[in-house]
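Reviewing the structure listed below.
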Amino acid sequence: MNRIAKFLAAALALAPLASFAQDTSTIRWGIDPTYPPFEAKQPDGSLTGFDIDLRNAICAQLHAKCVWVEQGFDGMIPALTAKKFDVIMSAMTATDERMKQIDFSNKLYASPGALVAPVGSKLQPTVASLVGKRIGIDQGTTQETYAKAEWAPKGVTIVSYQTQDQVYDDLVNGRLDATFQDKTQAGYSFLKTPRGKGFAFAGGDVTDPRITGYGVAMGLRKGDADLKGRLNQAIAAIRANGTYQKIAAKYFDFDIYGAKQ
């Protein structure tokens, strides 16, 4: 075999390996950037938030090239299984129901559900208190699943929205009696802002397993064991070296990992 033939044979033999290496070096992450302080879009189009910084730290730990793919939250799981992206990184709680469809990494953090209502409303996150009321919820969330199972059949009107921001708009404009969402999200992105003036948490935390599940984690396609293992190793590494804690301190004044507020 002459040198040209040998070169071509070697190139053909290496081509599949090069392609495989390139494909595995880029990880595509699905995100719905409408849920601050976890993920949000800046006026210039850049992404910011706790999940954004965590992903960047995880990618640095993995020495991987990472890209964002925007997707509405209620379509996250179908888009993942359709291979639109490789990982869900969008404040998604790992629950038994979701684990029938996809796998999850180890826990990233946790947060209970909470009701937000006008100050002085005396509402509680119970059927007896909410019968006849209109409660706004971001669609596709664990809070929606819980409310439709526990409250809606007993006379509570559940109004689902495409984004959490739309929920707050209707609460402020008086079209809702209360909203039900992640407590951390509500506290930092609504109640601590001028728009949230006149509103407060109503009643205690809702910690039903259908809401809190196994904590917020990264979603992956079933059987993607290699990527799951790499992500879990990266989570452990950034928690061990203090990177996780430094990132969390930028956003929260409590233990977001253990949800101690």
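The values are calculated or read from the model by the stated rules, or taken from the named source; none is laboratory data. Treat the numbers as computed from the prediction; the structure is a model and nothing was measured. Neighbour counts are summed over all protein chains in view; Cβ atoms, including those assigned to glycine, are modelled from backbone coordinates with ideal geometry. In case anyone asks, the SASA skips ligands and DNA or RNA and just uses the protein heavy atoms, side chains included. Shrake-Rupley method; radii C 1.70, N 1.55, O 1.52, S 1.80 Å.
For segment 211-249, a residue qualifies if it is of a type in the set (V, I, T) and either open to solvent by 60 Å² or more (accessible area, probe 1.4 Å) or in contact with a Gly (Cβ under 7 Å, 6 or more places away or on another chain) (or both), and exactly one does: I211. Just one of the listed residues (R239, R195) is within 19 Å of A40 (Cα to Cα), free of Cβ contacts under 8 Å to residues at least 40 places away in the same chain and assigned to a helix (DSSP H, G or I), and it is R195. The test for being on the phi > 0 side of the Ramachandran plot and surrounded by 22 or more Cβ atoms within 10 Å (Cβ to Cβ) holds for A91.
Pairs meeting the criteria (first residue in segment 84-101 and touching a residue at least 12 places away in the same chain (Cβ under 8 Å), second residue aromatic (F, W, Y) and assigned to a loop (DSSP other than H, G, I, E, B), beta carbons under 7 Å, at least 6 apart or on different chains) are A91/F38; A94/Y214. Across segment 163-178, the qualifying residues are those that are free of Cβ contacts under 8 Å to residues at least 12 places away in the same chain and in a loop (DSSP other than H, G, I, E, B), and the one among them that is most open to solvent (accessible area, probe 1.4 Å) is N173. Of the residues making up segment 97-110, one or more are in contact with a Ser or Thr (Cβ under 9 Å, 6 or more places away or on another chain), at pLDDT below 95, part of a loop (DSSP other than H, G, I, E, B) and surrounded by 14 or more Cβ atoms within 10 Å (Cβ to Cβ). Selection of segment 179-210 for residues being in contact with a helix residue (DSSP H, G or I) (Cβ under 8 Å, 6 or more places away or on another chain), more than 14 Å from Y35 (Cα to Cα) and surrounded by fewer than 23 Cβ atoms within 10 Å (Cβ to Cβ) yields R195, G196, F199, A200, F201, G203, D205, V206, D208, R210.
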